[in-house]
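Please read the structure below before turning to the comments.
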Number of protein chains: 2
Amino acid sequence: MAENPSVLRETDDEARKLARILLRSARSAAIAVIEPDSGGFPFVSRVLLGIDTDGTPVILVSALSTHTQALSADSRCSLLTGEIGKGDPLAHPRLTVQCEAEKVERDSEVHNRIRERFVRRHPKSELYIDFPDFAFFRLTPLKASLNGGFGRAYALDGEDLRIRSPAIDDLAAMEARAIEHMTSDHADAASRYAKAYCKAEGTDWRICGLDAAGVDLISGDQLKRLEYEEPLKSAGELRMMLIKLYG
Amino acid sequence: MAENPSVLRETDDEARKLARILLRSARSAAIAVIEPDSGGFPFVSRVLLGIDTDGTPVILVSALSTHTQALSADSRCSLLTGEIGKGDPLAHPRLTVQCEAEKVERDSEVHNRIRERFVRRHPKSELYIDFPDFAFFRLTPLKASLNGGFGRAYALDGEDLRIRSPAIDDLAAMEARAIEHMTSDHADAASRYAKAYCKAEGTDWRICGLDAAGVDLISGDQLKRLEYEEPLKSAGELRMMLIKLYG
């Protein structure tokens, strides 16, 4: 709740990791934009969220919606992620990310990459993802504000939410195949990861994303993020990492 | 998702009722504000929500938070309410309300009234509600946008979310007593209301608000709103209404 410099805690690696997990494990977000033709009135709505291979959040939106019309006129926006759990809604960690939005051209390489990852994360979006009025926007984080619960506020740079690794493209190229392999030959691994690293119950977890910084896990309506301690430096490290995590 | 005039449905009483319930049953909301000193960058965060006796949403915020500093510089804001349930996050109804914020002076009559209602709705807020840096803001709705799920978008006026009745003040004056009476002498009524009118399970519901337009029901982390078909016209009608609803 407190973002005033005087009440901010020093941003450490633990805070950065929590912020990344809050962003990368969110299925949806509240997005704040500037409403067009209103002299700057803020407008907040809900959007489905995905994550590109470099950690950049992406949204899938309809051209008919106010937020899309707003972003087309003013690319500045802000995302809120972090689920409300039991007890006081303000006791749960949440993240505000202020971003610059950029529309993704349909049928570009970037579009195809984002689309593939998005559908794995939101299988039902396949029903409308190719409708002509729907488009992806990449939202590049400029800065962020983490609220870890009462009195635990941290300021972050946009860079803190970006994945930096020379392996990003190589991993993106093999992601679908690697997920298929894990699903068919090591079906129990995802549930084991979810339990060991994400405090998640159940045995029907599946991997829905693999990037240089971690693993996305899905089970029904639940999405979890397993964040590595350090990003992989080459695609060849993926296999050993997945074996090591299996324990 | 669609607020463009060409895809809006005609706003009917059912849409208005759904919008009121989405606002009045929310424990928290995402709030969009204009960040100070950033040239108009939108900022979204989470706030605890209450409702004043005339239906005006109220928030309890710390002076140290970005949203409070923003509202002090620019009173325009936007609230998003409506919980995410099972399945696609966008299949669930949600409401965007654009508001004008006004700080409530501490120890004013309005402050005392709002504080009393707020504590009943958020019992744990009593721990910090009187801290010197905390304050209430009343957020007067100017207009709203209801999204009832895919393709079901409606535009509403601020007035659609206001309670209009000559009984507001009389009911406010007797609210605490009436709740106490219902709790001590008709303890089962709240759970009966919750089940019959709010599709809620469980037997530990309590009434936490009574106003001219309906009843607020609370059970642990859950909050439900029973909205009357028409607002009460006098405080004397409350008793008969509660008996009638009991069935």
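Just to verify a result, which residue in region A:61-86, among those that are facing chain B (nearest Cβ under 9 Å) and under 14 Å from the mean Cα position of the chain (by Cα), is surrounded by the fewest Cβ atoms within 10 Å (Cβ to Cβ)?
A:GLU83
Go over the candidates B:ASP107, B:ASP130, B:ASP160 one by one and state the one that is in contact (Cβ under 8 Å) with a residue 12 or more places away in the chain and of a type in the set (Asp, Glu).
Matching residue, one of B:ASP107, B:ASP130, B:ASP160: B:ASP160.
Could you please give the count of residues in region B:110-126 that are free of Cβ contacts under 8 Å to residues at least 24 places away in the same chain and either within 12 Å of chain A (Cβ to nearest Cβ) or surrounded by 23 or more Cβ atoms within 10 Å (Cβ to Cβ) (or both)?
3
Output the residues belonging to region A:139-160 that are of a type in the set (A, V, I, L, M) and either more than 15 Å from A:ASP12 (Cβ to Cβ) or touching a Phe, Trp or Tyr at 6+ places or on another chain (Cβ under 9 Å) (or both).
Residues satisfying the conditions are A:LEU139, A:LEU142, A:ALA144, A:LEU146.
Any idea which of B:VAL47, B:VAL58 is within 26 Å of B:HIS122 (Cβ to Cβ), away from chain A (no Cβ under 11 Å) and in a strand (DSSP E or B)?
B:VAL58
Identify the single condition in (1) within 16 Å of B:ARG162 (Cα to Cα); (2) among the charged types (D, E, K, R); (3) touching a Ser or Thr at 6+ places or on another chain (Cβ under 9 Å) that B:GLU229 does not satisfy, given that it satisfies every other one.
(3)
One line per residue, one yes/no per condition, for (1) modelled with pLDDT under 95; (2) in contact with a Lys or Arg (Cβ under 6 Å, 6 or more places away or on another chain):
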residue	(1), (2)
A:GLY149	yes, no
A:TYR154	no, yes
A:ASP160	no, yes
A:ARG177	no, no
A:ALA190	no, yes
A:ALA194	no, yes
A:TRP205	no, no
A:ASP211	no, no
A:GLY220	yes, no
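Determine if region A:26-42 includes at least one residue that is buried (at least 20 other Cβ atoms within 10 Å of the Cβ), more than 10 Å from every other protein chain (Cβ to nearest Cβ) and modelled with pLDDT of 95 or more.
The answer is no, given that none of the residues of region A:26-42 is buried (at least 20 other Cβ atoms within 10 Å of the Cβ), more than 10 Å from every other protein chain (Cβ to nearest Cβ) and modelled with pLDDT of 95 or more.
Which condition from (1) more than 7 Å from chain B (Cβ to nearest Cβ); (2) touching a residue at least 40 places away in the same chain (Cβ under 8 Å) is the one that A:THR96 breaks?
Only one criterion in (1) more than 7 Å from chain B (Cβ to nearest Cβ); (2) touching a residue at least 40 places away in the same chain (Cβ under 8 Å) is unmet by A:THR96, namely (1).
So B:ALA91 fits all but one of (1) within 30 Å of A:SER65 (Cβ to Cβ); (2) within 11 Å of chain A (Cβ to nearest Cβ); (3) in contact with a Lys or Arg (Cβ under 8 Å, 6 or more places away or on another chain); what number is the exception?
(3)
The values are calculated or read from the model by the stated rules, or taken from the named source; none is laboratory data. The shown structure was predicted, so the numbers you read here are calculated from the model rather than taken from an experiment. All Cβ positions, even for glycine, are placed from backbone atoms using ideal geometry, and neighbour counts span all protein chains on display.
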